[in-house]
Amino acid sequence: MGKPLFSCYYVSFAWGLSKHHGHVIDDQGRIWFYDLGRTWDPQPAGDGLYLETGLRERFRNPVLQSRRVPPAQLADMRKKAEIARGGLIEKKSMARDAGSAGCEAYLWERSDAYREVKLGTSGGYEIRNSSLEAGHLQEWLREEVGIGIPPQSRQK
């Protein structure tokens, strides 16, 4: 897998069940499915950045999917992620043990470290990015690219 740029995921650890799976798009436009199945925490690198090694742990053992994002479209979405970075983030607890589904972008500010941009999360915890671009990105990732839910067949 190249450098991760976008991901959408579902996570729930309620009632003793451990679910953490989703999709990630790398810098070559390839889409990967991952199933971590446990909690994960990013590794701080200082100045609001996180280490690449921690993100690689989250996406370990990925399964390559058949769909690709064209380079021009990926470049456009990366620009939107840069703009979404400036959005105000609002967090709100909605329900206990409901799980969460969300999408994120990763902006690489160093070769070994990235800045996470929350695009939006729903479920037990709601996160909203005020940037219009964040909403556009989340819609694009979910509806056009179709990521964030487990594939019917892990061999896609």
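The values are calculated or read from the model by the stated rules, or taken from the named source; none is laboratory data. A quick note: this is a predicted structure, and the numbers were derived from the prediction, not measured. For neighbour counting, all protein chains shown are included, and Cβ atoms are generated from backbone atoms with ideal geometry for every residue, glycine included. These accessible areas exclude ligands, DNA and RNA; they are computed on the full protein's heavy atoms, side chains included. Shrake-Rupley method; radii C 1.70, N 1.55, O 1.52, S 1.80 Å.
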Mind running the shape call on region 5-67? Use the C-alpha gyration tensor, a ≥ b ≥ c as the square roots of the eigenvalues: rounded below 1.5 for a/c, prolate if a/b tops b/c, oblate otherwise. oblate
With a 1.4 Å probe and every protein chain left in place, work out the accessible area per residue of the chain in Å², rounded to a whole number. 54
If each of ASP76 and GLN43 carries a label point 7 Å out from its Cα toward its Cβ, how far apart are those two points in nm? 3.6
May I ask you to give the percent of accessible area on region 5-48 that is carbon plus sulfur, with a probe radius of 1.4 Å? 50
Helical contribution to [θ] at 222 nm, DSSP H n ≥ 4, -39,500 (n - 2.57), averaged over the chain, rounded to 500: -5500 deg cm²/dmol
Run the numbers on region 7-56 and let me know its relative contact order in percent, using alpha-carbon pairs under 8 Å that are six or more apart. 25
Could you check the spin-label model distance between HIS21 and ASN61? Points 7 Å from the Cα along Cα→Cβ, value in nm. 1.2
Quick one: grab Rg to one decimal and Dmax as a whole number for region 1-131, Cα atoms only, in Å. 14.6, 43
Gaussian network model of the chain, springs between alpha carbon atoms under 10 Å - residue of GLY102, GLY123, GLY46 with greatest fluctuation: GLY46
